[in-house]
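Down below is the structure, laid out as structure tokens.
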Amino acid sequence: MWYWCWRGKSRPSYPAFASPRPGNLLQDKLVPAKSIAIPPNPSTRLGQRRAAARRQEVDDTELADEMAGVVLKRPARPMQSGPVHRYGVGERLHMGGGGYTTARVASSCRIVALLPYEGHGPLLYRVRSDAEAFERVIAEIDLTRG
């Protein structure tokens, strides 16, 4: 199909870009390829790895000797405990209505379980309402005494 570009001229026997002539520009610029083969003796590489590991061990021991007399400028930060639940299991509380986002009837309820704090968001409780036949998870802000 490449010969259609000649438009009526006599078709050459080979394409112009693949000329076998010695003065071809592409052939003059070619560089012999370098070998990327893996060395036949892998034990030399393994020996280099072992020597590097030994040097690293020496560096680590020197660093430990230097750090032996260093005192930290700041004490370690104490662990902070999470927030504490305001209500306990078995308490009877008033559960507020759900509003537009949650279909929930305002009624009294009993706390069945305290759910663990997840690190963000409100404290959660598992409650059983007097008006419903199932348990639901409620945020602490939706519960009030009374």
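Coordinate-derived values only; no laboratory data. The structure presented is a predicted model; accordingly, all values stated were derived computationally and were not measured. With ideal geometry, Cβ positions are generated from the backbone for all residues, glycine too; neighbour counts draw on all protein chains shown.
Fewest-first ordering of E57, E132 by other beta carbons within 10 Å of each residue's beta carbon gives E57, E132. Any chance you could tell me what percent of the C-alpha pair distances in the range 92-144 go past 12 Å? Tail of the P(r) past 12 Å holds 62 percent of the pairs.
The relative contact order of the range 92-144 comes to 33 percent, based on Cα pairs under 8 Å that sit 6 or more residues apart.
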